1. In deg cm²/dmol and to the nearest 500, what is the mean residue ellipticity at 222 nm of the chain if only DSSP H runs of at least 4 residues count, each as -39500 (n - 2.57), divided by the residue total?
2. Rg/Rh for the stretch 62-202 to two decimals, with Rh computed the Kirkwood way over all alpha-carbon pairs.
3. What base-10 log of the normalised intensity I(q)/I(0) is obtained for the stretch 234-321 from the Debye formula, alpha carbons as equal point scatterers, at q = 0.19, 0.22 Å⁻¹?
4. Let me check the size of the stretch 187-267 from its C-alpha atoms; what are the radius of gyration and Dmax in Å?
5. Using only the Cα atoms of the stretch 1-99, each taken as one equal point scatterer with no solvent, compute I(q) by the Debye sum, divide by I(0), and report log10 of the ratio at q = 0.13 Å⁻¹.
6. Please give the peptides 202-210, 339-347 ranked by average Cβ packing (other Cβ atoms within 10 Å per residue), highest first, as a rough proxy for protection.
7. Consider a paramagnetic label point 7 Å from the Cα of residue 333 along Cα→Cβ; state which residues of the stretch 119-141 have an amide N under 19 Å from it.
8. When the label point is put 7 Å from the Cα of residue 254 along its Cα-to-beta-carbon vector, which residues of the stretch 290-321 have a backbone N closer than 19 Å?
Ligand SMILES: Nc1ncnc2c1ncn2[C@@H]1O[C@H](COP(=O)(O)OP(=O)(O)OP(=O)(O)O)[C@@H](O)[C@H]1O
Ligand SMILES: [Mg+2]
């Protein structure tokens, strides 16, 4: 059966079918490095941590990395292989570590040529890099694990998972048509699609990490504390006006939504896209998780005035897994096509030709 992996700046999420059900595996996209001296390795092994030893260093991988950073207070040793949606160019161990993590999440192919769909962001509108290097490095690595790789845009995967629709004047409901927006850790990804075909696709390098950094700056606090408030206390229906951190989070969230929609307006016009009928917007991603996000989004949307009519804005059933779930749909569909083609070719062979 096919598999999928959503390779995010903050989390890696793997998906596969087991016993007729979707099963997800998630890992924090981070590692913690420490010198391999004294009893360090014995200690990690006893603690049951996921780690690897390389030269004179030990690397604690995934969720355990965050725990070690918190326990030791050594923030500088807490490192992330990705930044702004792609391999982090400032991190020398980025490629080696992401490979360890990807293999940890989805493992090797169960048979040669098993399809694996992997998410890649669209090229950013506000940064100078493109996603070619990132995409090629990951494709080669996944091929090395035995997979046939299908690259899929993160926001298009969201559209596959959530199936937004357009209602035609005839009353017909047109599937996989609308806008998908993933508010992740490193970036926002947006796709506008009609019948599952991409009309407009872009990413913008501002999302959760950007909010954390801005709020930390204006409130003069460590980023870690801002993240704690954001993930545990932030509720857009109920912002305490005396809480500076929540106030600042509210302001930067508003700015992020406005920034995203303004870029959409420009890209929609530039790519001469049109929608004749009112469309749906579906939203996912960790940054969209705080209670009240959809209402906040709608309030900003009212002010921005898009060139299209919006009939509904809704959150994905599971905002952290929707992209992986949509990628799995794409992978399974590709695998089915492959099998059908192989069967047809087999049937077309004259008797005895195979031997
Ligand atoms: N409950 C929550 N409230 C607010 N923010 C949250 C919550 N849970 C996670 N986040 C934030 O969501 C972000 C991670 O989201 P997500 O897992 O969708 O990103 P990603 O897919 O790894 O990144 P990207 O798609 O940008 O490459 C982080 O900034 C994290 O702090
Ligand atoms: Mg993501």
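Values quoted throughout were computed directly from the atomic coordinates according to the rules given, and no laboratory measurement underlies them. This structure is a prediction, so every number in the text was calculated from the model and none was measured. Ideal geometry is used to build each Cβ from the backbone, glycine not excepted, and the neighbour counts take in all protein chains shown.
1. Details: 10 runs with 141 residues, N = 355.
Result for the chain: -13000 deg cm²/dmol, rounded to the nearest 500.
2. Value, to two decimals: 1.05.
3. Result of the Debye calculation: -0.95, -1.17.
4. Calculated on Cα positions, Rg and Dmax stand at 15.0, 47 Å.
5. The calculated log intensity ratios at q = 0.13 Å⁻¹ are -0.51.
6. Values: 202-210: 24.6, 339-347: 9.4.
Highest-to-lowest ranking by the protection proxy: 202-210, 339-347.
7. Counting backbone N atoms under 19 Å from the label point, the list is 119-122.
8. Under cut-off, by backbone N: 290-306.
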